[in-house]
1. What full-extension length gain, to one decimal in nm, is calculated for residue 133 and residue 18 as 0.36 nm per residue of separation minus the Cα-Cα distance?
2. Obtain the nm distance between the two label points defined at residue 123 and residue 157 by a simple spin-label model: each point lies 7 Å from its Cα along the Cα-to-C-beta direction.
3. Which length gain, in nm to one decimal place, applies between residue 38 and residue 64 when the Cα-Cα distance is subtracted from 0.36 nm times their residue separation?
4. Can you sort 12, 27 by how many other beta carbons sit within 10 Å, fewest first?
5. If I stretch the segment between residue 1 and residue 46 completely, what's the gain in nm (0.36 nm per residue apart, minus their alpha carbon distance), one decimal?
6. Starting with the fewest neighbours, write out 23, 73, 29, 41 ranked by other beta-carbon atoms found within 10 Å of each beta-carbon.
7. With a 10 Å Cβ neighbour count serving as the proxy for reagent exposure, in which order, fewest first, do 26, 31 appear?
């Protein structure tokens, strides 16, 4: 479901790319396109996520308070965890949060499966926006971030705020097991 009497564009797809490169390329394309760059928001939906039909409309209602709002979904598998990360009062906290049912729950980051972003964020944060990191720091300690956590760390440092609307339940389909988590 899309907003009535409002112009929308898309979908725009990325295929056969690493996930960080795909997100980076898509945002670059949107910002460089003379028509698409005028939009206020960009919605991400990953191919294995199944949002409710009114999910976009419900995300949109919270955009006055936050720069990114996402629906609630869980990682796949028996040990899956909620894709809502970090206590916003604790710097650099990206541990999974326990969702509070049917609320707008502020956080430090989200998975990328079903999120509404203010497009202006990408004009204010230097590139790269998305990067998968798996390396060692100067002390030999392993550092690993998926593209979503990398983005949210940079955006949080720039002063942006995020929340998960825990009333928007998003299925996460596993083709291998033919099950929705």
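1. Values: separation 115, 0.36 × 115 = 41.40 nm, distance 1.23 nm.
Stretched fully, the residue 133-residue 18 segment lengthens by 40.2 nm.
2. 2.3 nm
3. Numbers: separation 26, 0.36 × 26 = 9.36 nm, distance 1.82 nm.
Full-extension gain reported as 7.5 nm.
4. On the way: 12 12, 27 21.
Least to most surrounded, the residues fall as 12, 27.
5. Numbers: separation 45, 0.36 × 45 = 16.20 nm, distance 1.67 nm.
Taking 0.36 nm per residue and subtracting the Cα distance, the gain is 14.5 nm.
6. Details: 23 22, 73 27, 29 13, 41 18.
Taking fewest neighbouring Cβ atoms as first place, the list is 29, 41, 23, 73.
7. On the way: 26 18, 31 13.
Fewest-to-most ranking of 26, 31: 31, 26.
Bear in mind these aren't lab numbers, they're just calculated from the coordinates by the rules spelled out. Given the structure is predicted, the values throughout are model-derived calculations rather than measurements. Neighbour counts are summed over all protein chains in view; Cβ atoms, including those assigned to glycine, are modelled from backbone coordinates with ideal geometry.
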